[in-house]
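Q: Below you'll find the structure I mean.
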Amino acid sequence: MLAPAFLLAVAAPSEAIQRAPRSIYRVEPRIDVAVIAVGVLAIALPYAFAKELIHPRCPCNPAEVNSLDRHVIGNHNKVLDDASDATAGIVLVGDHPHGADHQRSRRDGWHSG
């Protein structure tokens, strides 16, 4: 039982074991910055202009609301509202360091998964 495993382990050429995997990503700064900027604006602008864009009619007629959302009519929670805003902010700011770290790790030749 150990012999086949040993043969497979020894049969691998040393280049296959030592060579860092090639990245499937190609960084194009002009395109990447444009896509990130559009994504940031797509999230930030609706938040910035929410008062002008959203005109609630309360109390609402439950018959005008789809059945999935009907049970939440009248629910307001300031803590959860702030948490959703914070989550959007974390996504906007937090993804950029992760992407830079990934590119740095690829450039330095190690791959974490």
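The values are calculated or read from the model by the stated rules, or taken from the named source; none is laboratory data. All values reported here derive from a predicted model rather than from experimental measurement. Counting neighbours? That spans all protein chains shown, and the Cβs are built from the backbone with ideal geometry, glycine included.
Q: Suppose we filter segment 37-74 for residues that are aromatic (F, W, Y) and either farther than 20 Å from T87 by Cα or touching a residue at least 24 places away in the same chain (Cβ under 8 Å) (or both); how many remain? Give the derivation first.
A: Narrowing segment 37-74 to residues aromatic (F, W, Y): 47, 49.
Then keep just the ones that are either farther than 20 Å from T87 by Cα or touching a residue at least 24 places away in the same chain (Cβ under 8 Å) (or both); that gives 47.
The qualifying residues number 1.
Q: Looking at the structure I just gave you, is P62 over 30 Å from G94 (Cα atoms) and surrounded by 10 or more Cβ atoms within 10 Å (Cβ to Cβ)?
A: Values: over 30 Å from G94 (Cα atoms): yes; surrounded by 10 or more Cβ atoms within 10 Å (Cβ to Cβ): yes.
So P62 passes the test.
Q: Please name all residue pairs, on different chains or six or more residues apart, with Cβ atoms under 8 Å, provided the first residue is in segment 77-93 and is surrounded by 10 or more Cβ atoms within 10 Å (Cβ to Cβ) and the second residue is in a helix (DSSP H, G or I).
A: These pairs meet every condition: D85/Y47; A88/I43; A88/Y47; V91/I43; L92/V40; L92/I43; L92/A44.
Q: Would you list the helices (runs of 4 or more DSSP H) that sit entirely within segment 7-113 and hold 1 or more residues that are in contact with an Asp or Glu (Cβ under 9 Å, 6 or more places away or on another chain) and modelled with pLDDT under 80? Let's see the steps before the verdict.
A: Details: elements: 14-18, 29-48, 50-53, 78-108.
By residue number, 78-108.
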